[in-house]
Amino acid sequence: MEDIKLMKGNEAIAEGVIRAGCDGYFGYPITPQSEVLEYLMMARTEERTGMVVLQAESEIASIHMVYGGAACGKRVMTSSSSPGISLMQEGISFMAGTELPCLLLNVVRGGPGLGTIQPSQSDYFQAVKGGGHGDYKLIVLAPASVQEMYDFAKLGFDLAFKYRIQVMVLSDGAIGQMMEKVVLDEQIPRQTNEEIIKNYPWVTSGKTPDRERNIITSLDLDPVKQEKINIHLQEKFKKITENEVRFETLMCDDAEYLFVAYGSSARVCQKAIQLGRDKGLKVGLLRPITLFPFPYDEVARLAKQVKGILCVEMSAGQMIEDVRLGVNGVVKVGHFGRLGGIIPAPDEVLNVMEEIFIRENNYGRRTN
Amino acid sequence: MTEEIIIAGFGGQGVLSMGKILAYAGMMQNKEVSWMPSYGPEMRGGTANVTVILSDERISSPILNKFDTAIILNQQSLDKFESSVKKGGILIYDPSGITTHPTRTDINIYTVEAADEAAKQNFKKGFNMYILGAFLKLKPVIEPEFMRKGLEKSLPSRHHHLIPENEKAIERGKEILKAKYIIPTPLN
């Protein structure tokens with residue numbers, strides 16, 4: 001029988017990582033994602049799969065424990081919310097430099113600073129444009145439902161190991177705290193040490209006489225060598241851009257006006273589409289699922305079809321920069337965002353779309 | 001069928017758990033469900049509310065500002081959510097402790113004296129079940145057998161012996177529901 005449960009988003013991703021064969025979780029509690037650690041502790045993972053769950057002394061310690069676990073080829077992860085993710089940036093940059101795979105979860109809350117504990121999407125730049133130093137990218141997955149919180153646990157680990165990259169699930173307080181139905185998969189067994197050594201020849205598993213020493217470091221003082229490392233990283237990001245773009249379109253076939261939104265904003269826009277369609281307005285939604293790599297081509301395709309695009313995000317305008325890159329001036333792009341932890345209402349969002357693009361005499365207002 | 005519900009009151013009144021029982025029962029009945037709570041400092045002694053959606057279709061936004069039904073358990077929540085009921089929708093509230101009553105004439109308004117009944121039956125913990133019963137009387141979206149399954153799923157097993165008492169409270173809630181204002185049927 002299908003295994004279906006009602007779960008919070010935070011619980012769903014915790015169950016997801018257990019079932020995806022995660023070896024270790026290291027984290028530090030912070031609202032609105034503390035349920036991840038709580039759930040993993042309650043799930044008695046050491047008995048179920050042998051997975052290590054540890055509350056570290058800080059976020060900085062957590063990310064470096066992840067670094068260590070990943071260097072051994074283990075499926076490891078951490079989770080936090082915005083201020084905690086800021087603390088982790090040094091470790092994330094080091095992992096980017098050493099190409100260590102891991103899963104990171106940011107259940108975003110309003111900022112800057114300690115901000116608020118309510119949902120926000122103001123960490124888009126940090127996640128997508130590189131939160132730490134150096135030329136690097138994370139694969140960024142944006143779940144819009146509790147089911148996706150669950151699904152992206154396995155997907156995240158798979159991508160992380162396929163490309164030796166850090167994968168961030170960029171969620172927010174709303175998706176983390178709400179409960180929906182989740183269809184659960186079978187348990188995937190954790191990899192044995194022998195399997196890890198066989199599958200990932202780069203791991204620091206202890207030198208054997210038949211091979212060179214594996215060294216994991218992000219330091220190379222020779223600029224010629226360092227440039228080679230950088231070029232290799234860029235080639236990897238290019239390959240990811242070519243192969244891993246994910247998005248969903250809703251009611252786009254005949255759409256004249258398009259919402260672009262991710263995560264919980266996309267859910268609000270789905271309702272706005274229903275309200276709009278009830279009024280006879282041809283509105284559709286493009287929902288990027290991967291924020292890096294961003295679905296530029298799909299944005300470009302739809303830009304030629306529609307009369308206006310409204311980017312809806314719970315920030316002052318971050319993803320809109322990528323939307324504009326995709327649109328490339330072909331059609332007007334407007335922005336609507338609520339800040340500080342406020343989630344926009346569906347009729348509010350539709351009203352802005354109408355105000356900017358549809359009602360007479362207001363054409364072009366609020367666009368920039 | 002899509003039913004969009006807000007349940008609002010004080011933390012500790014069983015607002016979130018009532019929503020959880022509804023969501024579980026809906027899921028057992030093979031509906032799409034979402035349960036979106038207010039979270040954070042207000043839960044620790046202040047107001048608490050939860051949006052529950054039950055639907056036969058994929059649920060769009062779990063976050064709403066208009067509701068088919070508002071279930072209101074204190075004055076602050078009444079002040080806040082009376083205007084959020086859709087035209088022609090339903091507002092159910094417990095009048096105990098309410099000084100400023102709802103005044104809209106384009107929605108149907110019902111009262112359920114759940115706090116009094118819970119005290120009378122010496123089942124104060126079942127307060128939210130009387131309310132839930134009253135709601136189900138008006139909107140029989142969940143069948144009784146699935147209501148039981150919802151209770152089983154959402155209550156920890158050490159409390160399962162209390163399920164019959166909860167079911168009794170749900171039934172009693174259906175009886176003590178009173179219409180306070182009904183939109184007049186237009187004369188043809």
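The values are calculated or read from the model by the stated rules, or taken from the named source; none is laboratory data. Not measured: the values here are computed from a predicted model. Every residue, glycine among them, receives a Cβ derived from its backbone with ideal geometry; neighbour counts consider all protein chains shown.
Here the range A:271-307 is the region considered, the condition is being over 26 Å from the mean Cα position of the chain (by Cα) and in a helix (DSSP H, G or I), and the residue that is nearest to the other protein chains (Cβ to nearest Cβ) is A:GLN274. Just to verify a result, which residue in the range A:168-201, among those that are within 14 Å of chain B (Cβ to nearest Cβ) and part of a strand (DSSP E or B), is surrounded by the most Cβ atoms within 10 Å (Cβ to Cβ)? Per the criteria, the residue is A:ASP172. The condition (being within 30 Å of A:GLN118 (Cα to Cα) and either small (Gly, Ala, Ser) or touching a strand residue (DSSP E or B) at 6+ places or on another chain (Cβ under 9 Å) (or both)) is satisfied by just one residue among A:LEU285, A:LEU302, A:LEU339, A:LEU325: A:LEU285. Here is the figure for the range B:80-112: residues that are surrounded by 20 or more Cβ atoms within 10 Å (Cβ to Cβ) and within 14 Å of chain A (Cβ to nearest Cβ) total 1. Look at (1) more than 14 Å from every other protein chain (Cβ to nearest Cβ); (2) out of contact with any Ser or Thr (no Cβ under 9 Å at 6 or more places or on another chain); (3) surrounded by 18 or more Cβ atoms within 10 Å (Cβ to Cβ); (4) aliphatic (A, V, I, L, M) and you find that A:ILE18 fails only one, number (2). In the range A:310-331, the condition of being among the polar types (S, T, N, Q), over 23 Å from the mean Cα position of the chain (by Cα), in a loop (DSSP other than H, G, I, E, B) and more than 26 Å from A:VAL169 (Cβ to Cβ) is met by at least one residue.
Listed conditions (1) over 19 Å from B:PRO164 (Cβ atoms); (2) at pLDDT below 95 are all met by B:LYS125, apart from (1).
Would it be correct to say that A:VAL268 is within 14 Å of chain B (Cβ to nearest Cβ), in contact with a Gly (Cβ under 8 Å, 6 or more places away or on another chain) and within 26 Å of A:VAL167 (Cβ to Cβ)? No, not satisfied. In this entry, A:VAL323 passes the filter for residues that are at pLDDT 95 or above, under 21 Å from A:ILE273 (Cα atoms) and away from every other protein chain (no Cβ under 14 Å).
For the range A:231-246: of the residues being among the charged types (D, E, K, R) and in a loop (DSSP other than H, G, I, E, B), which is nearest to A:GLY97 (Cα to Cα)? The residue in question is A:GLU244. Filtering the range A:8-37 to residues that are farther than 19 Å from A:GLN118 by Cα and either assigned to a strand (DSSP E or B) or free of Cβ contacts under 8 Å to residues at least 12 places away in the same chain (or both) leaves A:GLY24, A:TYR25, A:PHE26, A:GLY27. Residues of the range B:56-79 that are outside any strand (DSSP E or B), within 14 Å of chain A (Cβ to nearest Cβ) and either in contact (Cβ under 8 Å) with a residue 24 or more places away in the chain or touching a strand residue (DSSP E or B) at 6+ places or on another chain (Cβ under 6 Å) (or both): B:ASP56, B:GLU57, B:ARG58, B:ILE59, B:PRO62, B:ILE63, B:LEU64, B:LYS66. Checked against the criterion of being more than 27 Å from A:ILE342 (Cβ to Cβ), under 27 Å from the mean Cα position of the chain (by Cα) and surrounded by 11 or more Cβ atoms within 10 Å (Cβ to Cβ), the candidates A:GLN226, A:GLN234 yield just one match: A:GLN234. Among the conditions (1) within 14 Å of chain B (Cβ to nearest Cβ); (2) surrounded by fewer than 24 Cβ atoms within 10 Å (Cβ to Cβ); (3) touching a helix residue (DSSP H, G or I) at 6+ places or on another chain (Cβ under 9 Å), the only one that A:ALA71 does not satisfy is (1). I'd like to know if the range A:149-163 contains one or more residues that are part of a loop (DSSP other than H, G, I, E, B) and in the same structural domain as A:ASN10 (by TED's automatic domain parsing). Looking through the range A:149-163, none of the residues is part of a loop (DSSP other than H, G, I, E, B) and in the same structural domain as A:ASN10 (by TED's automatic domain parsing).
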